[in-house]
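Worksheet: the structure to be examined is printed underneath.
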Amino acid sequence: MPTTAPAFSDATASDSALRRFLFGLPGVDAVGLEARAASLGTRSIKTTAKAHAIDLAISMIDLTTLEGADTPGKVRALAAKAVNPDPTDRTTPRTAAVCVYPDMASAAAAALAGSGVKVASVATAFPAGRAALDVKLADVRDAVAAGADEIDMVIDRGAFLSGRFLKVYEEILAVKAECGSARLKVIFETGELSTYDNIRRASWIGMLAGADFIKTSTGKVATNATPANTLLMLEAVRDFRAATGVQIGVKPAGGIRTTKDAVKFLVLVNETAGEDWLDPHWFRFGASSLLNDLLMQRQKLSTGRYSGPDYVTVD
């Protein structure tokens, strides 16, 4: 089973050690955090830079369908859009991944074979995470066996909020071991964690346990990704790499719908974590509705005309 980064091995030696470490992290200045996020969100970029930002944002999208009515046909259609987002312009980048439930992973894998677009699958009793560990691990095994390249797991928020931090850590470790070669994204559901201090602590638990990505949200609650909570997580991965040399990705998910929103988040990445994270391998958007707006803005830059929603496919 994977172990925590050597620089912090003592921090996870026991429940009390992990608690001391987490509560020893610097407290979050909420006013300062939100002010910095708002300030960075006012940055404007010129036309050439905007075109690059749009293409970069498209390449960072995990195109997602997580509905009870999902069918193999819907997944195949989504996969076709991921590979060729704008059929009128073959220079449009492909998205990073298609994200589905485990029972749809095989359909996604078949549709995306050879394309370079990853298959991501939610698991561990997504979105609530209310299941026994053996059930969660079986969920992961099924997804990986079906062809998932990436697993998006949810933490046990009940355990976290009741202070059982070592339980959360050990569950992530167990899921990571079950992933094999698949990359692991750990979802905190920041809207349920209540405070920025809790988001910082959850970020460190995920990183210490071997997460390849830390992710804000499931997209299934009222409060999802925000500039402030994403900025906080970007600070965490920056500080973790400075301490350990290990780079970890960040995925804001839910509520990012417009090109303007996406550009704000890319500025946050560049100004907080740095250029190394401006790559689909290290930063993703969990925001399917965002793709259509990016395509419309891309068409406008190319043609000078705003085509409108009738000229992009409905997911």
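Expressed as an acute angle from 0 to 90° and rounded to the nearest 10, what is the orientation of the C-alpha long axis of helix 47-59 relative to the principal long axis of the chain? That helix lies at roughly 60 degrees to the long axis. Which trypsin sites (Lys or Arg not before Pro) does the stretch 9-48 hold that lie in a coil by DSSP with at most 11 other beta carbons within 10 Å? Those that pass, being in a loop and sparsely packed, are K46. For the stretch 76-118, averaging the sequence separation of C-alpha pairs within contact (under 8 Å, six or more residues apart) and dividing by the residue count gives a relative contact order of 44 percent. Taking square-rooted eigenvalues a ≥ b ≥ c of the alpha carbon gyration tensor, is the chain rounded, prolate or oblate, where a/c under 1.5 means rounded and, failing that, a/b exceeding b/c means prolate? It is oblate, given that a/c is not under 1.5 and a/b is not larger than b/c. Accessible surface area normalised per residue over the stretch 1-138 is 49 Å², counting heavy atoms of protein chains with a 1.4 Å rolling probe.
Computed from Cα atoms, the angle from the helix 196-208 axis to the main principal axis of the chain rounds to 80 degrees. Accessible area per residue was computed with a 1.4 Å probe on protein heavy atoms; E34 scores about 90 Å². Show the residues, 5+ positions off or on another chain, whose built amide H is closer than 5 Å to the amide H of D152. Answer set, sorted by chain and number: S121, V122, A123, K185. Ligands, DNA and RNA are left out, and with a 1.4 angstrom probe the accessible area of the stretch 164-315 is 36 Å² per residue. For the stretch 260-265, backbone phi angles converted through the Karplus equation (6.51, -1.76, 1.60; θ = phi - 60°) give residue-by-residue couplings of 4, 4, 4, 4, 4, 5 Hz, Gly and Pro being listed as x.
Counting only Cβ charges, +1 for Lys and Arg and -1 for Asp and Glu, the dipole size of the chain around its Cα centre is about 580 debye.
The C-alpha atoms of the chain define a longest principal axis, and helix 133-145 lies at about 40 degrees to it. Remark on T64: its backbone amide H falls under 5 Å from those of C99, S288, a criterion applied only to residues 5 or more positions apart or on other chains, H modelled at 1.01 Å from N. Taking the chain as a Gaussian network of alpha-carbon nodes connected by springs under 10 Å, the highest mean-square fluctuation of the residues V100, V246, V186 belongs to V246.
Projecting the Cα atoms of A145, L166, L133 onto the charge dipole of the stretch 130-172 (Cβ charges, centred on the Cα centre) puts L166 farthest toward the positive pole.
Whole-Hz Karplus values for the stretch 34-41 come out as 5, 5, 5, 4, 5, 5, 5, x Hz, taken residue by residue from phi with 6.51 cos²θ - 1.76 cosθ + 1.60 and θ = phi - 60°; glycine and proline positions read x. Between I45 and any residue 5 or more places off or on another chain, the built amide H atoms are never under 5 Å apart. A dipole drawn for the chain from +1 and -1 charges on Cβ atoms has a positive end, and of S181, A13, V100 the residue lying farthest that way is V100.
Ligands, DNA and RNA left out, the accessible area of the chain computed with a 1.4 Å probe is 52% carbon and sulfur.
Whole-Hz Karplus values for the stretch 277-294 come out as 8, 7, 7, x, 6, 10, 8, 9, 10, x, 7, 5, 5, 5, 4, 4, 5, 4 Hz, taken residue by residue from phi with 6.51 cos²θ - 1.76 cosθ + 1.60 and θ = phi - 60°; glycine and proline positions read x.
The values are calculated or read from the model by the stated rules, or taken from the named source; none is laboratory data. The model shown is predicted, which means the values in this text are computed figures rather than measured ones. We place every Cβ from the backbone using ideal geometry, glycine too, and count neighbours over all the protein chains shown. Only protein heavy atoms, including side chains, enter the accessible area calculation; ligands, DNA and RNA are left aside. Shrake-Rupley method; radii C 1.70, N 1.55, O 1.52, S 1.80 Å.
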